[in-house]
Structures are given as C-alpha cells and as structure tokens.
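The next block holds one structure in the form of structure tokens; read it before the comments.
None of the figures in this text is laboratory data; all of them are computed from the coordinates on show. Fair warning: this is a prediction, and the values are worked out from it, not measured in the lab. In this analysis, Cβ positions are derived from the backbone assuming ideal geometry, glycine residues included, and neighbour counts consider all displayed protein chains.
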Amino acid sequence: MKQTKKERQQLLIDTIKNNLFITDDELSKQFTVSVQTIRLDRLELSIPELRERIKHAATKSFKDEVRSLALNEVIGEMVDIELDERAISIFDVKSEHIFKRHQIARGHHLFAQANSLAVAVINEELALTVKSNLSFVKPVKLGERVVAKAIVIRKDHEKKRTFVEVTSTVENNIVFKGQFEMYQTNETSDGDFK
C-alpha cells in the first residue's frame, strides 16, 4: 500500500533522526520515490541536506577536542568524538581514491581513515600505532560513503597502550574491521616505545 505524503514525510523525519548519514539517494530507494521528491520533502520539512546535517551534528556532538593530531589530519570528516571512548568519521570515495579499472577504493584509504580515527580518539598529546590487525571485508566502490566507528576497548596504563577497535560500514554493511594497539604519551620527544 502506497503511503500518503504526510505519512512518508513523518517516516522521513524518523529515518533521518535515526541515521544522519543517510543520503537522498538511499532515502529515495527506501521510500520508492524519486530523489527530487525526497529533496522537496526535505525542503518542506526544513531538513537540511546531508552535508549540513553532518556539520551540525559535528559541532553539536563533539564532547571533546582531538589532542593527538590536528583535526584536518583525520582522514575523512570527523563527526563525533569522546576522547578515550569513541569516535566517528565519514569518508566519501571519490575518483582519486579508486582503482580506475574496477572503480573500487584503494585499501590504504580505508586503512588511513580507520588508523587516523584510532589516533584521534586517544586523549594524549602523542599517539602512535604499534600494531594492527586488519580485515577488508567487502570492496568499497566509487561514490559510496564509509562510516568508521572507533571504540576504545582496553587501556594498559603501565605499558602506555590503548587498544582501539574500528569498524567501517557502507549503508550499514561492514566493509572493514581493524584492531589497533596504540602507544600514547604526553611527551612529544623521541623515546623508546617498549
């Protein structure tokens, strides 16, 4: 049964509230209407476009500021962070990120997004990757949006280590998983990592 415009718009509000990262294209598929209809619905409801929603969420939800690197050194766009707890970034795959022949993202971009997020979530002046265990689960294609979520799973204060798990998804499907062992210190001088 086809929804009325009012029903669709209410569902649209609920859907966007539950997933700020959803694109107009994904919404049009979900509601089986054109992208233009979704855009018109958003305009009527005063719901900003995706980029603006993300910027708004980022300025509203940043509980902490990144200490271990400059924000512009994070690969992708940081949208949420709580130091020593969790962080989220998004990365849009563009033509410069892919193998031209197959239109698939180069793995080092997915790794760089995850690794920089694992560094960013550490609440210290210096955080470096000691070890990582990675799984590339599914290829990511040109035009797809990768949402990476980092979670601090354990800290070893004695050894100055933090263990971070990063899961990257495209449309809620896992495409990359990584476990990172991070060395951290307030000292920025050269030193022994052991």
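Across bins of 10 angstrom width beginning at 0, how are the C-alpha pair distances of the stretch 5-56 distributed, in whole percent?
Taking every Cα pair in the stretch 5-56, the percentages come to 26, 66, 8.
Could you tell me which label, among (i) 17.7, 58; (ii) 16.7, 58; (iii) 19.0, 66, carries the value of Rg and Dmax of the Cα atoms in Å calculated for this structure?
(iii)
Counting Lys +1, Arg +1, Asp -1, Glu -1, what net charge surrounds residue 155 among other residues with beta carbon under 9 Å of its beta carbon? Walk me through the numbers on the way to the answer.
Values: positive: 154, 161; negative: 84, 156.
So the surrounding residues net to 0.
Dipole of the stretch 74-194, Cα-centred, from +1 at each Lys and Arg C-beta and -1 at each Asp and Glu C-beta, to the nearest 20 debye? Before the final figure, lay out the partial values.
Numbers: 17 positive and 18 negative charges, 155 e Å.
For this selection, approximately 740 debye.
Just need the Rg to Rh number for the stretch 107-150, please, alpha carbons only, Kirkwood Rh. Numbers along the way, then the final one.
Working: Rg = 12.0 Å, Rh = 11.9 Å.
Rounded to two decimals, Rg over Rh is 1.00.
Using a 10 Å cut-off around each Cβ, can you sort 156, 24 from fewest to most neighbouring Cβ atoms? Could you put the intermediate results ahead of the total?
Numbers: 156 10, 24 17.
Final ranking by Cβ density, sparse to dense: 156, 24.
Within the chain, what is the longest stretch that has no GluC sites (Glu not before Pro) placed in a DSSP loop and near at most 12 other beta-carbon atoms within 10 Å?
Details: sites that count: 49, 65, 158, 187.
Counting only loop sites that pass the neighbour cut-off, the longest clear stretch is 66-157.
Here is the link list: 17/177; 29/100; 2/141; 29/141; 17/94. Which ones come out longer than 20 Å on Cα distance? Display every interim value, and only then the final one.
Working: 17/177 26 Å; 29/100 27 Å; 2/141 32 Å; 29/141 18 Å; 17/94 26 Å.
The answer is 17/177; 29/100; 2/141; 17/94.
Could you check which residue among 145, 101, 67 shows the biggest mean-square fluctuation in a GNM of the chain with a 10 Å Cα cutoff?
101
What is the fewest-to-most order of 126, 27, 45 by other Cβ atoms lying within 10 Å of their Cβ? If you can, show how the numbers build up before the last one.
On the way: 126 18, 27 23, 45 12.
Listed from fewest to most nearby Cβ atoms, that is 45, 126, 27.
Please give every one of the aspartates and glutamates within straight-line cross-link reach of residue 159, meaning a C-alpha to C-alpha distance under 19 Å, and leave out same-chain neighbours fewer than 8 residues apart.
Here the aspartates and glutamates satisfying the reach criterion relative to residue 159 are 84, 85, 124, 125, 181, 187, 190, 192.
For residue 133 and residue 92 in one chain, what is 0.36 nm times their gap in residues minus the Cα-Cα distance, to one decimal in nm? Each step should come with its number before you reach the end.
Values: separation 41, 0.36 × 41 = 14.76 nm, distance 2.35 nm.
My answer for the length gained is 12.4 nm.
Would you mind computing, in nm to one decimal, how far apart the modelled labels at residue 43 and residue 13 are, each placed 7 Å from Cα along Cα→Cβ?
My value for the distance between the label points is 2.0 nm.
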